[in-house]
Amino acid sequence: MQERFYRVLVVSAEVAPLAKVGGLADVAGALPKALYALGHDVRILMPAYPMVESDARWQVELLAEFEVCIHPNWCERVQVKQLRLPSGVPVYLLRVGEWFAEASESTKIYAVSPRAYVAFCRAAVEWLARFSDWTPEVVHCNDWHTALIPVYLRVLRSERTAEIATVFTIHNLAYQGVFEREFFGELGLPEYLFDVEGLEFYGKVNLMKGALLYSDRINTVSPTYAVEIQTPEYGERLEGLLRRLADERRLMGILNGIDYEEWNPATDPYIPARYSADDLSGKAVCKVELQKACGWQPAPDKPLIGLVSRLTDQKGLDLLKALGAKFLQLPMQFVLLGTGDPAYERYFRAWHRRHRVKVHATIGFDNAWAHQIYAGADMFLMPSRFEPCGLGQMISLRYGTIPIVRQTGGLADSIAPYDAVQGTGNGFVFREYTPAALYEAVQRALATYQDQRAWRALVQRVMRQDWSWARSARAYVDLYAEALAARATPSIAR
């Protein structure tokens, strides 16, 4: 059978390398590149942030100008511009009034008013309905910032958009776009949609709930997370709806991948020495240079644990904090890079000041330093309370840095417990969300490290595993096919 190629528009609030404040940008940049490489006509739509439009790397071209009215008392001028990424993927930039004029990566692009994303979603649908010279077969939306697009496409129907299928990806269910009841009046939607079978959510407005109800297919970024969010523990009060979607075969999980061009120890420009599974000598150099950069004497035999993360409870840092001195007494060195909760920032700064002989903490984000940690560390710590997918564990595997993780979400789907007897597994795993369980997993990793022959074999094996986007992109192609089939036979709910 001849392979089917699709026209796909991926919509996201952030896209690497154009604008990034989190892992969503990595996905929104890498998945289209992988789909494009497979032969699909994939394009990206994102807000026109000033730092993107003014970046000299990109040749930005104006395509269209028009006016959109979100409701009778709110109209905006819209510009659609285009640039092309080095991968060949076209990117549409949507400027809606001045809503994104103050946005920047330093102030976090998500910090703009939620009305900005309402206007963005409404303008996107208006552009597709009336002004675009290209019509996608599938619109793939990501997280709450784009959640109104499936709703507008179905409620504000037009001849040009009636057959477009919609896919919605939940990257983190903890962020749903929930606002007070009065906010519904800003959306320009019929009043009947403020209902338990619409966007109403415990007396408030839930934008993500709208996308879940009106999208043809919904997915999370790992199979295990798709199951976990159907439970009260992880469901964030949407577990009932999510169970219903799973029963209707509209909800599934697809594990993310990583960009093998950006994350490649054999070519990485940020690390002091290149290396591969066949020649690990460069990794030893990276470790020594990392130790020097931390102010330590080179100690090739001392295990070094790295952590690159947002500093939040979700990431399991409360477990690390609970261990405190007990963790620091272990025979290892610890390098941390992250930013987030001010309380954690203060805590790890204190670790850095008081325990400089074995702890180095950088508060903030430095891309080059992150690469150097992945390359120079022996182990990578991810003790997450929940983890929709996680990219850190895949990146660390790519660099031969063995993950220590909690068995949840995408970590459960990507990291199998190391078995020294069978020579299987690719990391050290704990299940119970307790300081004791984390401590025991770290101890197991440190004990295994003492057998350098076994450790080297483990490093070489995990570096040969495939965590590229090519694998995940094919699963998304199948999901697009399902969404198009569902659009041909719409359910009553839509």
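Might you check whether a residue that is out of contact with any strand residue (DSSP E or B) (no Cβ under 8 Å at 6 or more places or on another chain), aromatic (Phe, Trp, Tyr) and surrounded by fewer than 23 Cβ atoms within 10 Å (Cβ to Cβ) occurs anywhere in region 102-111?
Going residue by residue through region 102-111, those that are out of contact with any strand residue (DSSP E or B) (no Cβ under 8 Å at 6 or more places or on another chain) are 102, 104, 106-108, 110-111.
Okay, now just the ones that are also aromatic (Phe, Trp, Tyr), so 110.
This time we only want the ones that are surrounded by fewer than 23 Cβ atoms within 10 Å (Cβ to Cβ), so: 110.
Among the residues of region 102-111, at least one is out of contact with any strand residue (DSSP E or B) (no Cβ under 8 Å at 6 or more places or on another chain), aromatic (Phe, Trp, Tyr) and surrounded by fewer than 23 Cβ atoms within 10 Å (Cβ to Cβ), which makes the answer yes.
Just give me the residues in region 17-32 being buried (at least 20 other Cβ atoms within 10 Å of the Cβ) and touching a residue at least 24 places away in the same chain (Cβ under 8 Å), in sequence order.
Filtering region 17-32 down to residues buried (at least 20 other Cβ atoms within 10 Å of the Cβ) leaves 18-19, 23-32.
Matches in region 17-32: LEU18, ALA19, GLY23, LEU24, ASP26, VAL27, ALA28, GLY29, ALA30, LEU31, PRO32.
Among the residues in region 69-80, are any closer than 29 Å to LEU38 by Cα and assigned by TED's automatic domain parsing to the domain that holds PHE183?
Taking region 69-80 and keeping what is closer than 29 Å to LEU38 by Cα, we get 80.
Filter again for assigned by TED's automatic domain parsing to the domain that holds PHE183, leaving 80.
Yes, because at least one residue in region 69-80 is closer than 29 Å to LEU38 by Cα and assigned by TED's automatic domain parsing to the domain that holds PHE183.
Pull out all pairs, ordered by first then second residue, where Cβ-Cβ is under 8 Å, the residues are six or more apart or on different chains, the first lies in region 237-254 and is in the same structural domain as LYS209 (by TED's automatic domain parsing), and the second is acidic (Asp, Glu).
ARG250/ASP216; GLY253/ASP413
Condition first: under 20 Å from ASP313 (Cα atoms), surrounded by fewer than 16 Cβ atoms within 10 Å (Cβ to Cβ) and out of contact with any strand residue (DSSP E or B) (no Cβ under 8 Å at 6 or more places or on another chain). Now tell me which residues in region 336-368 satisfy that.
PRO342, ALA343, ARG346, ALA350
Could you check how many residues of region 281-328 are part of a loop (DSSP other than H, G, I, E, B), closer than 21 Å to TYR433 by Cβ and not β-branched (Val, Ile, Thr)? Can you show your working first?
Within region 281-328, the first condition is being part of a loop (DSSP other than H, G, I, E, B), and the residues that meet it are 294-303, 312, 316, 324.
Next, from what is left, pick out any that are closer than 21 Å to TYR433 by Cβ: 312, 316, 324.
Keeping just the survivors that are not β-branched (Val, Ile, Thr) gives 316, 324.
Final tally of qualifying residues: 2.
Show the residue pairs that are 6+ apart or on different chains and have beta-carbon atoms under 6 Å apart, the first residue being within region 444-462 and assigned by TED's automatic domain parsing to the domain that holds SER414 and under 12 Å from ASP378 (Cβ atoms), the second being crowded, with 18+ Cβ neighbours inside 10 Å and of a type in the set (Ser, Thr, Tyr).
Once the first residue is assigned by TED's automatic domain parsing to the domain that holds SER414 and under 12 Å from ASP378 (Cβ atoms) and sits in region 444-462, its partners that are crowded, with 18+ Cβ neighbours inside 10 Å and of a type in the set (Ser, Thr, Tyr) give TRP455/TYR449.
Inspect region 222-237 for any residue being aromatic (Phe, Trp, Tyr), in a loop (DSSP other than H, G, I, E, B) and modelled with pLDDT of 95 or more and give the result as yes or no. Quick ask: steps written out before the conclusion?
Of all residues in region 222-237, those aromatic (Phe, Trp, Tyr) come to 225, 234.
From what's left, in a loop (DSSP other than H, G, I, E, B): 234.
Now drop any that are not modelled with pLDDT of 95 or more, which leaves 234.
Checked region 222-237: at least one residue is aromatic (Phe, Trp, Tyr), in a loop (DSSP other than H, G, I, E, B) and modelled with pLDDT of 95 or more.
Looking at the structure I just gave you, is ALA485 small (Gly, Ala, Ser) and either touching a strand residue (DSSP E or B) at 6+ places or on another chain (Cβ under 8 Å) or part of a loop (DSSP other than H, G, I, E, B) (or both)? Explain how you work it out, then say what you get.
Values: small (Gly, Ala, Ser): yes; either touching a strand residue (DSSP E or B) at 6+ places or on another chain (Cβ under 8 Å) or part of a loop (DSSP other than H, G, I, E, B) (or both): no.
No: the conditions fail for ALA485.
Looking at LEU45, is it without any contact (Cβ under 8 Å) to a residue 24 or more places away in the chain, of a type in the set (A, V, I, L, M), in a strand (DSSP E or B) and in the same structural domain as ARG122 (by TED's automatic domain parsing)?
Values: without any contact (Cβ under 8 Å) to a residue 24 or more places away in the chain: no; of a type in the set (A, V, I, L, M): yes; in a strand (DSSP E or B): yes; in the same structural domain as ARG122 (by TED's automatic domain parsing): yes.
Considered against the rule, which asks whether it is without any contact (Cβ under 8 Å) to a residue 24 or more places away in the chain, of a type in the set (A, V, I, L, M), in a strand (DSSP E or B) and in the same structural domain as ARG122 (by TED's automatic domain parsing), LEU45 comes out as no.
Answer yes or no as to whether THR161 is crowded, with 16+ Cβ neighbours inside 10 Å, of a type in the set (Ser, Thr, Tyr) and more than 25 Å from the chain's Cα centre (by Cα). Write out each step before concluding.
Numbers: crowded, with 16+ Cβ neighbours inside 10 Å: yes; of a type in the set (Ser, Thr, Tyr): yes; more than 25 Å from the chain's Cα centre (by Cα): yes.
Against the criterion (crowded, with 16+ Cβ neighbours inside 10 Å, of a type in the set (Ser, Thr, Tyr) and more than 25 Å from the chain's Cα centre (by Cα)), THR161 qualifies.
What do you reckon, is TYR36 closer than 17 Å to ALA13 by Cβ, among the hydroxyl-bearing types (Ser, Thr, Tyr) and crowded, with 17+ Cβ neighbours inside 10 Å? Spell out the reasoning first.
Values: closer than 17 Å to ALA13 by Cβ: no; among the hydroxyl-bearing types (Ser, Thr, Tyr): yes; crowded, with 17+ Cβ neighbours inside 10 Å: yes.
Spelling it out, it is not the case that TYR36 is closer than 17 Å to ALA13 by Cβ, among the hydroxyl-bearing types (Ser, Thr, Tyr) and crowded, with 17+ Cβ neighbours inside 10 Å.
Against the condition touching a residue at least 12 places away in the same chain (Cβ under 8 Å) and of a type in the set (A, V, I, L, M), how does ALA485 come out, does it pass?
Judged against the criteria, ALA485 is not a match.
Looking only at region 402-453, filter to residues that are assigned to a strand (DSSP E or B) and surrounded by fewer than 18 Cβ atoms within 10 Å (Cβ to Cβ); which one of those is modelled with the highest pLDDT? Outline the logic, then answer.
Within region 402-453, the subset assigned to a strand (DSSP E or B) is 402-406, 417, 419, 424, 427-430.
This time we only want the ones that are surrounded by fewer than 18 Cβ atoms within 10 Å (Cβ to Cβ), so: 417, 419, 424.
Numbers: PRO417: 98, ASP419: 95, THR424: 95.
So the residue we want is PRO417.
Which pairs have Cβ atoms under 6 Å, sit 6 or more apart or on different chains, and link a residue in region 321-338 that is touching a residue at least 60 places away in the same chain (Cβ under 8 Å) to one that is assigned to a loop (DSSP other than H, G, I, E, B) and crowded, with 17+ Cβ neighbours inside 10 Å?
Pairs that qualify, where the first residue is touching a residue at least 60 places away in the same chain (Cβ under 8 Å) and the partner is assigned to a loop (DSSP other than H, G, I, E, B) and crowded, with 17+ Cβ neighbours inside 10 Å, are MET332/PRO303.
So ALA56 ticks every box in (1) outside any loop (DSSP other than H, G, I, E, B); (2) under 20 Å from LEU18 (Cα atoms); (3) aliphatic (A, V, I, L, M); (4) free of Cβ contacts under 8 Å to residues at least 40 places away in the same chain but one. Which box is left unticked?
(1)
For residues that are touching a residue at least 60 places away in the same chain (Cβ under 8 Å), among the acidic types (Asp, Glu) and surrounded by fewer than 21 Cβ atoms within 10 Å (Cβ to Cβ), tally how many sit in region 221-236.
Initial filter on region 221-236 (touching a residue at least 60 places away in the same chain (Cβ under 8 Å)): 221-225, 228, 234-236.
Keeping just the survivors that are among the acidic types (Asp, Glu) gives 228, 236.
Filter again for surrounded by fewer than 21 Cβ atoms within 10 Å (Cβ to Cβ), leaving 236.
Residues that pass the stated criteria total 1.
From the list PRO331, PRO265, which residue is under 30 Å from ASP451 (Cβ atoms), more than 28 Å from the chain's Cα centre (by Cα) and outside any helix (DSSP H, G or I)?
Values: PRO265 fails: more than 28 Å from the chain's Cα centre (by Cα).
Result of the check over PRO331, PRO265: PRO331.
Starting from residues that are surrounded by 20 or more Cβ atoms within 10 Å (Cβ to Cβ) and among the β-branched types (Val, Ile, Thr), keep the ones in region 112-158 and report whichever is modelled with the lowest pLDDT.
The qualifying residue modelled with the lowest pLDDT is VAL112.
One residue is enough: does region 81-93 have a residue meeting the conditions under 29 Å from PHE184 (Cβ atoms), surrounded by fewer than 22 Cβ atoms within 10 Å (Cβ to Cβ) and touching a strand residue (DSSP E or B) at 6+ places or on another chain (Cβ under 6 Å)? Before you say what the answer is, go through the steps one by one.
The initial filter retains those residues of region 81-93 that are under 29 Å from PHE184 (Cβ atoms), namely 92-93.
Filter once more, keeping what is surrounded by fewer than 22 Cβ atoms within 10 Å (Cβ to Cβ): 92.
Now narrow it down to the ones that are touching a strand residue (DSSP E or B) at 6+ places or on another chain (Cβ under 6 Å): 92.
Yes, the conditions are met somewhere in region 81-93.
The values are calculated or read from the model by the stated rules, or taken from the named source; none is laboratory data. Quick caveat, the model's predicted, so the values are computed rather than measured. Heads up, the Cβs are rebuilt from the backbone with ideal geometry, glycines too, and the neighbour counts pull from every protein chain shown.
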